Amino acid sequence: MDSNKDYRDPPPAPLVNAGELGKWSLYRAVIAEFVATLLFVYVTVGTVIGHKRDESAAACGGVGVLGIAWSFGGMIFVLVYCTAGISGGHINPAVTFGLLLARKVSLVRAVLYVVAQCLGAICGAGLVKAFHGAAHSTHATAGAPTSSPPATPGALGSPPRSSAPSCWSTPCPLLGAAMAMLYHQFVLRAKALASLRNNIYA
């Protein structure tokens, strides 16, 4: 080890660590990711639907666009604060994927996190549907564009398919997470450590 280093990197997480499966801390973290993602989706989507439902009643009757922004930002702040010490506060498969590429989590933990996050999001959306009822069907897609792109007929009489590409049907979020990881590891972190060493040993 270089004696001049003023920091110590934690060892990279093993790609496959089957020993984690026998530890309660892993399942506690998976449960935390599930609950956090469920709460995030339920509160934020419910806020948007409530805003659209109250929009026609009174100009100041709902939370407004600023309230929606606060609901997203506030929920992320609270949930990451509550779960950071348990699971790392990922609450997003793209974040988990980026940390897997950076070797901060093992493949076993990453797969369980992504499964828990997806199930939490599904359950959160289900709670919105259950509690908001008809308002969900009326206002859930209120933010969609009013003019639909031309549809292409499906094969063998299947329903028409939209020809508009969807960013979420491509690996854009995963590519973004990978680029963010590379930028953090090799640009931001490298510059910060170099500056710190220069200040200490100047």
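Read the figures in this text as sums done on the coordinates, not as results from a lab. Fair warning: this is a prediction, and the values are worked out from it, not measured in the lab. With ideal geometry, Cβ positions are generated from the backbone for all residues, glycine too; neighbour counts draw on all protein chains shown.
Data overview
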| read-out | value |
| --- | --- |
| Added length on full extension, which subtracts the Cα-Cα distance from 0.36 nm per residue, Leu15 to Ile31 | 3.6 nm |
| Label zone at Trp24, where the point sits 7 Å out along the Cα-to-Cβ direction: the stretch 93-118 residues whose backbone N lies under 12 Å | none |
| Formal net charge of residues neighbouring Cys82 (Cβ-Cβ distance under 15 Å; K, R +1; D, E -1) | 0 |
| Rounded to whole Hz, the Karplus (6.51, -1.76, 1.60) HN-Hα couplings of the stretch 11-24, x for glycine and proline | x, x, 5, x, 5, 10, 10, 5, x, 5, 5, x, 10, 5 |
| Label-point separation in nm, Leu174 to Phe72, each point 7 Å along Cα→Cβ | 2.3 nm |
| Residue-by-residue Karplus 3J(HN,Hα) for the stretch 83-100, coefficients 6.51, -1.76, 1.60, Hz, glycine and proline x | 10, 4, x, 9, 10, x, x, 6, 6, 6, x, 5, 5, 4, 5, x, 5, 5 |
| The stretch 103-118 - phi-based ³J(HN,Hα) in whole Hz, Karplus 6.51/-1.76/1.60, Gly and Pro as x | 6, 8, 9, 7, 5, 4, 5, 5, 5, 5, 4, 5, 4, 5, 5, 5 |
